[in-house]
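Everything on this sheet refers to the single structure shown next.
The values are calculated or read from the model by the stated rules, or taken from the named source; none is laboratory data. Bear in mind the structure is a predicted one, so any value in this text is a computation, not a measurement. Cβ coordinates were reconstructed from backbone atoms using ideal geometry, including for glycine residues, and neighbour counts include every protein chain displayed.
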Amino acid sequence: MSDRFVYFDAANSTLLDDRVVEFMHSVMSRKLGNPSSHIHSAGIAAGHVLDEARAKIGALINARPETAILTSGATESNNLAISGFLRGNPSYGLVVSEIEHYSIINQARRLRLDGHKVDYLSVNSDGLIDTNQLQRVIKKGPSLVSVAAANPEIGTIQDIEEVGRICKQHGAAFHCDATAAAASINIDVEKMNIGMLTLSAHNMYGPTGIGALIINSGVNISPLFDGGNQQMGIRPGTENVVGAAGFGEACKIVSANRDEWNSSLTTLGESLREGLSRRVPFMHFTGHPEKRLPGHVSFWVEHVEGESLLLLLNMNGVMAASGSACSSNLKGKDEEDLAASHVLTAVGVPTDICAGSITFSLGKYNDSRDVDHVLSLMPGIVEKLLAMSPSYSDYMRKKEILHG
Ligand code: PMP
């Protein structure tokens with residue numbers, strides 16, 4: 001194993017910012033009570049920590065602090081947004097893009113099985129939704145539309161402002177999952193007409209286990225849990241005070257530094273993409289070539305299993321993610337987890353020749369040495385895997401027969 005630490009998996013979790021850790025330590029060392037114990041000082045002090053966190057979260061996305069409902073993360077926020085909204089507004093149909101995160105796609109599947117009206121927005125090969133299809137679908141009746149600002153697997157960024165404009169024009173409610181986008185894209189819930197917005201702290205240099213659903217006034221939502229009256233009863237249960245403090249601080253740091261990080265991440269991402277296309281054979285990039293997250297490079301290599309590539313990278317100190325194998329003929333009975341990702345299928349990646357995609361998602365701690373390290377490793381690793389690949393030997397055999 002290598003002692004290098006090259007972390008290219010920011011789309012799954014960013015590394016914690018040191019200032020967030022320090023801030024959480026300082027909050028943890030204070031004597032804080034239950035934030036609902038408004039009657040005594042220790043409870044009031046905890047309530048102030050939450051108020052401050054909500055103010056910092058709101059400032060990042062131009063939302064009023066009191067609209068930020070704290071949750072355990074994006075999965076819970078997405079469930080509250082979809083299932084909570086539809087409980088409160090049962091006559092609404094659900095409209096989701098085909099490439100939403102599982103925490104949305106699996107709700108859509110369940111709702112449809114339960115007889116609820118669900119429409120899926122298809123995407124083109126770059127991963128962009130078709131806004132004409134959106135207009136057609138939401139004209140049919142009251143709708144809740146859920147489209148993520150950016151996709152963590154292929155990096156594509158949607159035109160959220162346009163989606164918000166169309167939703168407003170047709171009276172549809174709009175939920176946007178900004179989990180993958182918030183650390184790099186400027187989101188303004190007012191300007192973009194976003195009724196509900198999902199955020200997760202561990203995707204923006206904050207701690208795991210804390211997120212938020214911004215719920216604009218006028219959006220009627222029913223709680224998913226029975227409990228007390230915390231957070232207006234919309235999300236009962238004692239809030240994660242230290243987590244919220246870390247989340248708020250992470251939002252403040254993102255607000256102040258995002259532009260600077262983006263320019264460096266864009267440069268690193270471009271040199272990584274350019275280097276890979278020059279040095280690695282059988283390379284297919286996924287997602288939109290320009291409308292994509294800065295520092296996000298996603299691809300698959302014909303004849304090469306994504307999981308194997310990731311294991312060899314990890315042995316050399318490089319940590320990245322796979323979008324699952326797509327080739328069903330590579331999948332054993334005990335390898336259900338290697339089923340094609342719905343995202344790759346939606347963008348038309350050919351499942352007969354793709355054996356798994358890779359996502360390199362860089363964060364603010366990466367530099368050009370990390371990119372150089374990965375570029376120096378990739379050709380050798382791919383060569384090794386091609387030598388072991390049955391589909392590559394088939395390909396070579398056929399080529400020899402054809403060309404003699
Ligand atoms: N939505 C998106 C776009 C995501 O990338 C993720 C995973 N980071 C989630 C939702 C779920 O987040 P969590 O696992 O933190 O609940």
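Couple of notes before you dig in:
- The range 363-404, residues that are more than 30 Å from ALA250 (Cβ to Cβ) and among the basic types (Lys, Arg): LYS384, ARG397, LYS398, LYS399
- The range 80-105 residues that are outside any strand (DSSP E or B), paired with ones that are of a type in the set (D, E, K, R) (beta carbon under 7 Å, 6 or more apart): LEU80/ARG235; GLU100/ASP177; HIS101/ASP177; ILE104/ASP177
- Selection within the range 130-188: residues that are among the polar types (S, T, N, Q) and either out of contact with any helix residue (DSSP H, G or I) (no Cβ under 8 Å at 6 or more places or on another chain) or assigned to a helix (DSSP H, G or I) (or both). The member of this set that is surrounded by the fewest Cβ atoms within 10 Å (Cβ to Cβ) is ASN132.
- Scope the range 221-256; condition within 22 Å of the chain's Cα centre (by Cα) and among the β-branched types (Val, Ile, Thr); matching residues: ILE253, VAL254
- Considering SER77, SER103, SER97, the condition of being within 23 Å of the chain's Cα centre (by Cα), within 27 Å of GLU190 (Cα to Cα) and surrounded by fewer than 21 Cβ atoms within 10 Å (Cβ to Cβ) is satisfied by SER103 alone.
- Residue check: GLY127 meets all listed conditions (1) under 23 Å from LEU293 (Cβ atoms); (2) touching a helix residue (DSSP H, G or I) at 6+ places or on another chain (Cβ under 7 Å); (3) within 16 Å of the ligand (Cβ to nearest atom) but one, namely (2).
- MET1 falls short on exactly one of the conditions (1) more than 30 Å from LEU94 (Cα to Cα); (2) in contact with a helix residue (DSSP H, G or I) (Cβ under 8 Å, 6 or more places away or on another chain); (3) at pLDDT 95 or above, and that condition is (3).
- Hits in the range 340-378 (condition: among the aliphatic types (A, V, I, L, M), crowded, with 17+ Cβ neighbours inside 10 Å and assigned to a loop (DSSP other than H, G, I, E, B)): ALA340, VAL347, VAL349, ALA355, LEU362
- With respect to (1) more than 16 Å from the ligand (Cβ to nearest atom); (2) under 21 Å from the mean Cα position of the chain (by Cα); (3) farther than 30 Å from GLU290 by Cα, the lone exception for ALA63 is condition (3).
Yes/no per residue for (1) more than 16 Å from the ligand (Cβ to nearest atom); (2) under 21 Å from ASP9 (Cβ atoms):
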residue	(1), (2)
ALA212	no, no
ASN220	yes, no
TRP261	yes, yes
HIS284	yes, yes
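- The lone exception for SER217 - which of (1) in a loop (DSSP other than H, G, I, E, B); (2) at pLDDT 95 or above; (3) among the polar types (S, T, N, Q) it fails: (2)
- Residue within the range 9-32 that is touching a strand residue (DSSP E or B) at 6+ places or on another chain (Cβ under 8 Å) and either of a type in the set (S, T, N, Q) or within 14 Å of GLY248 (Cβ to Cβ) (or both) present: yes
- When the range 215-274 is filtered for residues that are more than 28 Å from ILE82 (Cβ to Cβ), among the polar types (S, T, N, Q) and surrounded by fewer than 14 Cβ atoms within 10 Å (Cβ to Cβ), only SER263 remains.
- Some residue of the range 270-288 being part of a helix (DSSP H, G or I), modelled with pLDDT under 95 and acidic (Asp, Glu): no
- Residue in the range 194-202 that is away from the ligand (no atom under 16 Å from the Cβ) and either in contact with a strand residue (DSSP E or B) (Cβ under 9 Å, 6 or more places away or on another chain) or not assigned by TED's automatic domain parsing to the domain that holds HIS296 (or both) present: yes
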